[in-house]
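The values are calculated or read from the model by the stated rules, or taken from the named source; none is laboratory data. If you're wondering where the values come from, they're calculated on a predicted model, not measured in any experiment. No Cβ is skipped: glycine too gets one built from the backbone with ideal geometry, and neighbour counts run over all protein chains shown.
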Amino acid sequence: MEVWLVQPPIGGTTVDLTPPLGVLQLAASVERAGHTAHVVDLNLRAKTGGLDPTKNLRTQFVQQLPKRSSAIDVIGITTWSYNFAVTMEFVEAIKKKHPRVPIVLGGPHVTFVDRDVLETFEDVDLVLRDEGDVTFPRLVEALKAKSRPDDLAAIPGLTWRHGGQVVKNPSGPVVDDLDGLPLPAYGLIDAREYLACQPTLVVEAGRGCPYNCNFCSTSNMFQRKYRVKSAARLVDELEWVMKLTGRNRYELLHDNLVANKEYVKGLCREIRRRNIDVAWSCTSRTDNLTEEVAEEMFLAGCVSIFFGVETLDEQRQKWTGKRLKPPLVEEAVAITARQHITPSLGIILGFPDETQDELDRTVEAAVRWTSDPATKAEVSTAVLRFYPGADLFGKADELRYDEAASTDVAAVPGYVLRAEWRAKTRLFPLHAIHTPTDETRRNITRRNFVRTLLKACPQTFRAALTLLGWKPHALLERMAARPLRFLEDPRKETIWNDSIQALGAVLEAARDEQPGPAALALELLQCEVPFWRTTPLVGPLERLEHVIAPKRFAHDELLAHAQGRRAAPPSTVEGTSLLAVRIGPECIVWFTPEPDALLAAFAKSLATDRAGTVAFANALRRGLT
Ligand code: B12
Ligand code: SF4
């Protein structure tokens, strides 16, 4: 059988572009069963210019598959809630072109809305829930044997139509022996296309998290059963992909790898025993990590650990069912940083009845972690959403279509949910939301601000809180009073530029009330985002741009003062200017008494050796910050 497996676009930027592992894993199982697998990654196409969002998407979707129906025996599509609307556009277009080819949906979205899907969309033939490694090849065999009802009825996790009814077969066991899985079909993609966008590849370490937080769907998807590949198998797989692609930076996928500390220690020992030069990251709960494990992880090449922290408010931790203790969260962040591993932390904004106080607590911690030179954390910020499979989805009847929420999840830039699908909030839950319109806009606005400032200018963000004495909610409210374009046009550039300019405007306005602190914060902003007055983030530039601004304070003292490490205000400096130059997306900052001469030298050098000049200037920049 010719089996076509499709990964629809998932939105986000090219930095989020990793090989579609679920689809590659299924492709390998299908091939092992003797069929021919093909992979179409529409996510890759969308992010690398292979799909033009201004032209008819459906026509372009059809062009990604063979013209003749005889070349396709079955189409399997992975589904996420984030992009289910675009996925259904694809399904409809393909069904029209190839009406006799069965379309099977699987993955984390349809696993929990299987009946709704089959009752609503006649173009979907079958939904295969849960993990598809064992069941999908069985389904392909059943389709080959002309879909006899007895065969279909025997496939665990299948939801199908029979005699005018939707039938839901019971779920089967999860895949216990992950070592028995074939290696993912990396040969069906060109890893270089992904690596051109970001440096990390993915290897699945295992599945299943034993906890059950109310906003998370994975615990139900993988039935809360913690499973891992044996250390030997996982490292074999890692070495295999490394050899195949020549890359040594990996995410070891598992929702909560460190839940089994002994396993992780064994894994680290195996990596060291084989003396592999690999840099890897993984996920842990903050209360699962210990100093001893973190040290082993560092020695085995771990460079980053992701922790879903969600909130620093103890009551809210209880509400989510996650029950992390804020002091232990701080401890895990400190341990990770001490072991020279980057803490990567996820926070959530927009909980029901969120108080200013709880928002402040979480954002203050996030600002501290990202701006603290000893921690250098990365923080990702999300708005609370109800995902199918999560306990919160039990309240799905509270969801209402919301334009801002819908625009926020455009899986392809500019995609607008069809009017007739807007009432189907269980099927398209991310185009809908549980909060009233004003609150939704406020939460998305806050999320955009926090996400941007933590990445672009954490020192200025911190200075606005510590030096001007604003609480996060108060700062964010002041910023939100400005005209913002990003709710209607949520491209990265718009979000970034709007947020930074809003912060700059608020700090400038504060000069009347608090001239001293505002001047300090504005100087930090000038250092972190020199082009904030014009366009902080731009696409590739053809020409050199520059900014020269007076430099008034000793930089190290200014930073230490804003971070609370120095009580006295920074001393002032005379005759030094800040020179920032930008060519392409690169932006380089110098402090110099002779900005004009340095600028001229830079321009001359750039004209003769562009790459060398940018590399040199970047090395200087790293020395400065
Ligand atoms: C890697 C990953 C990503 C990567 C990209 C992955 C990619 N495909 O390109 C990145 C980092 C970009 C990402 C981002 C996000 N992610 Co993510 N991500 C994951 C993660 C950790 C692993 C996915 C994976 O490869 N798993 C391993 C493979 C083997 O499993 P699988 O894909 O589920 O496939 C199996 C089954 O689902 C099934 N199956 C899958 N497809 C099909 C198709 C058919 C036909 C069949 C029969 C079966 C089947 O069989 C497969 C083999 O058993 C999962 C969590 C998890 N543990 O799965 C979350 C997960 C997929 N992400 C999720 C979310 C919410 C997000 C974000 C929205 C997070 C956020 N708040 O910003 C963003 C959204 C993207 C964006 N717009 O930026 C949710 C999705 C929930 C949902 N219902 O849609 C998950 C499930 C995590 C969770 N806690 O709930 N993510
Ligand atoms: S949020 Fe993390 S700890 Fe909670 S159930 Fe999901 S994966 Fe497990």
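General observations
- Counting only helices (runs of 4 or more DSSP H) that fall entirely inside the stretch 1-118 and contain at least 2 residues that are hydrophobic (A, V, I, L, M, F, W, C), more than 9 Å from ligand 1 (Cβ to nearest atom) and within 24 Å of Thr159 (Cβ to Cβ), the qualifying elements are 21-32, 84-97.
- Conditions (1) surrounded by fewer than 17 Cβ atoms within 10 Å (Cβ to Cβ); (2) under 30 Å from Arg511 (Cα atoms); number of the one not met by Ala423: (2)
- Close pairs from the stretch 55-78: first assigned by TED's automatic domain parsing to the domain that holds Phe90 and over 16 Å from Leu5 (Cα atoms), partner away from ligand 1 (no atom under 16 Å from the Cβ) and among the aromatic types (Phe, Trp, Tyr), Cβ under 8 Å, at least 6 apart: none
- Residues that are within 16 Å of ligand 1 (Cβ to nearest atom) and surrounded by 21 or more Cβ atoms within 10 Å (Cβ to Cβ) were ranked within the stretch 287-319; the one that is farthest from the chain's Cα centre (by Cα) is Thr311.
- Only one of the numbered conditions (1) over 22 Å from Asn43 (Cα atoms); (2) more than 16 Å from ligand 2 (Cβ to nearest atom) is not met by His98, and that is (1).
- Looking at Arg418, Arg446, Arg442, just one residue is within 16 Å of ligand 1 (Cβ to nearest atom) and farther than 28 Å from Asn220 by Cβ, and that residue is Arg446.
- Taken over the stretch 367-397, residues that are under 19 Å from Asp556 (Cβ atoms), among the β-branched types (Val, Ile, Thr) and buried (at least 19 other Cβ atoms within 10 Å of the Cβ) amount to 1.
- Of all residues making up the stretch 242-258, the number that are buried (at least 21 other Cβ atoms within 10 Å of the Cβ) and in a helix (DSSP H, G or I): 2
- Pair list, Cβ under 8 Å, 6 or more apart: the stretch 203-219 residue under 25 Å from Arg249 (Cβ atoms) and among the β-branched types (Val, Ile, Thr), other residue outside any loop (DSSP other than H, G, I, E, B) and more than 6 Å from ligand 2 (Cβ to nearest atom): Val203/Leu234; Val203/Glu237; Val203/Leu238; Val203/Val241; Val203/Tyr250; Val203/Glu251; Val203/Leu252; Val203/Leu253
Residue by residue, here is whether (1) of a type in the set (A, V, I, L, M); (2) within 16 Å of ligand 1 (Cβ to nearest atom); (3) in contact with a helix residue (DSSP H, G or I) (Cβ under 9 Å, 6 or more places away or on another chain) holds:
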position: Lys229; (1), (2), (3): no, yes, yes
position: Leu234; (1), (2), (3): yes, yes, yes
position: Glu239; (1), (2), (3): no, no, no
position: Leu244; (1), (2), (3): yes, no, yes
position: Asn256; (1), (2), (3): no, yes, yes
position: Ala259; (1), (2), (3): yes, yes, yes
position: Arg274; (1), (2), (3): no, no, yes
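- Matching residues, the stretch 269-279, being in contact with an Asp or Glu (Cβ under 7 Å, 6 or more places away or on another chain) and buried (at least 21 other Cβ atoms within 10 Å of the Cβ): none
- Residue within the stretch 122-143 that is free of Cβ contacts under 8 Å to residues at least 24 places away in the same chain and of a type outside the set (Asp, Glu) present: yes
- Hey, Cys282 within 15 Å of ligand 2 (Cβ to nearest atom), in the same structural domain as Thr362 (by TED's automatic domain parsing) and in contact (Cβ under 8 Å) with a residue 12 or more places away in the chain or not: yes
- Scanning the stretch 181-193 for residues that are within 9 Å of ligand 1 (Cβ to nearest atom) and crowded, with 20+ Cβ neighbours inside 10 Å turns up just one, Pro184.
- Residue pairs whose Cβ atoms lie under 8 Å apart, sitting 6 or more positions apart in sequence or on different chains, and linking a residue in the stretch 548-568 that is in contact (Cβ under 8 Å) with a residue 24 or more places away in the chain and at positive phi to a partner that is polar (S, T, N, Q) and in a helix (DSSP H, G or I), are Gly564/Thr466.
- Flag set for Ser217, criterion: at pLDDT below 95 and crowded, with 19+ Cβ neighbours inside 10 Å.
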